[in-house]
Amino acid sequence: MIAERLDQFMARANAIYYASHDPFSDFTTAPEVSQVFGELLGLWAGIAWNLLGRPDPVLLVEAGPGRGTLMADALRAIGRAQPDFAAAAQVHLIETSSRLRAAQAQRLKQAVWHNTLEDVPHGPMILLANEFLDALPIRQFVRRGAGWTERYVGDGAWVEEPVEPPALPAMAHVLEGKVVEVNEPARAFIAGVASRLRRNRGAALFIDYGAEAGVPADTLQAIADGKPVNPLSPPGSADLTAHVDFADLAHAARTAGANVQGPVTQRHFLLHLGLRERTERLAETAKEDQAASLRNGLLRLTAPDQMGTLFKALALTSPHCPTLPGFADG
Ligand code: SAH
């Protein structure tokens, strides 16, 4: 068998995985933890829309919408709190998995689907993406002597090929045998969003896990049946993700002409948006088990030893956009 470069292996493995599994039986994401997550993101989008001068129509875009839970919760909150934003918003979803598109269609009847950002029409836009960038395929380089190798996968084992890697900021002080990663599709996606925001009013919110500044490390991880497994398990048997390098993506966004706010921790972001107050208000009138699940969700999303600090929020905006909710004092 011919060895496959890691990003090609990861893209192929995830395409099989998302086509053949219900990924949410293997892992849980923030919108599946608490309905308040999507509701707050919807209200965030509405405030951003107001601060941007209420463009009408406006594209409300989500990248990698999973089961459609985030967007459904967001639209419910928007419909109640900001009917004028609801009337102006046209929902567009970027999703490659036909299986997940079918799940999304159950909940989001009015949406239009696309395979890539390039297919989304141009115009003023608010874009949301939770745990999207971490699913995009990475390349890994290993320090060997004075040079570098790149990691390939052949027959379920690592193969290293000597390579002249692209210049990466993390490479300067890397020790022998250590790994440096680059997520080229994430950079390209961010640059594509940024160049749209340079031309049309808008804002984009990315929530994902990873370090604020790239610490060189092997962050590739595989989850199957809710447990970590070897990333080189047969393609399609596990969900493959990697940490997001927020500094690298912020740089890509600025280079392409967007303004950047954050990153701030998910804890900071959600608590400033009122996650605690909204959770308590719902819990007060909910049944006992539902109230417990809402309060447990608050803890999972914000506790530093759970999703609170590993997860970060990063906003890209068109030039001259005021500070968006959740990004002050961050
Ligand atoms: N945002 C959701 C789902 C996260 S899982 C949530 O928070 O629950 C990652 C999502 O991105 C899935 O919907 C997956 O099908 C989608 N995805 C992965 N790679 C993609 C790509 N290259 N283009 C578009 N969507 C992709």
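Taking amide hydrogens as placed 1.01 Å from N in the peptide plane, the amide H of Trp148 sits under 5 Å from those of Val163, each at least 5 positions away in sequence or on another chain. Over every Cα atom in the chain, the radius of gyration and the widest Cα-Cα span, Dmax, amount to 19.9, 64 Å.
Among Thr28, Ala252, Val215, pick out the residue whose Cα is farthest towards the positive end of the charge dipole of the chain, where Lys and Arg carry +1 and Asp and Glu carry -1 on C-beta, about the Cα centre. Going by the charge dipole, the pick is Ala252.
Each residue of the range 313-320 was assigned a 3J(HN,Hα) from its phi angle through the Karplus curve 6.51 cos²θ - 1.76 cosθ + 1.60 (θ = phi - 60°); the sequence is 10, 10, 10, 10, 9, 5, x, 6 Hz, with glycine and proline shown as x.
Once the Cα atoms are used to define both axes, helix 98-107 deviates from the longest principal axis of the chain by about 10 degrees. Stretched out straight at 0.36 nm per residue, the stretch from Thr28 to His320 would grow longer than its current Cα-Cα span by 101.5 nm. Working note: Karplus 6.51/-1.76/1.60 with θ = phi - 60° gives the range 7-14 the couplings 5, 5, 4, 5, 5, 5, 4, 6 Hz, where Gly and Pro are set to x.
Sequentially through the range 287-299, phi angles give Karplus couplings (6.51, -1.76, 1.60; θ = phi - 60°) of 5, 4, 5, 5, 4, 5, 5, 5, 5, 5, x, 4, 5 Hz, Gly and Pro residues having no value and appearing as x. Near Leu59, the amide H atoms lying under 5 Å from its own belong to Gln90, Met125, Ile126; only residues 5 or more places off or on other chains count, and H is placed 1.01 Å from N. The ranking of Ser195, Ser98 by Cβ neighbour count inside 10 Å, starting from the fewest, reads Ser98, Ser195. Since only Gly79, Leu205, Pro234 are under comparison, the one whose Cα sits farthest along the positive direction of the charge dipole of the chain, derived from C-beta charges on Lys, Arg, Asp and Glu, is Gly79.
Read-outs throughout are calculated quantities, based only on the coordinates presented, and are distinct from any laboratory measurement. Every value quoted in this text rests on a predicted model; they were computed, and no experiment measured them. Cβ coordinates were reconstructed from backbone atoms using ideal geometry, including for glycine residues, and neighbour counts include every protein chain displayed.
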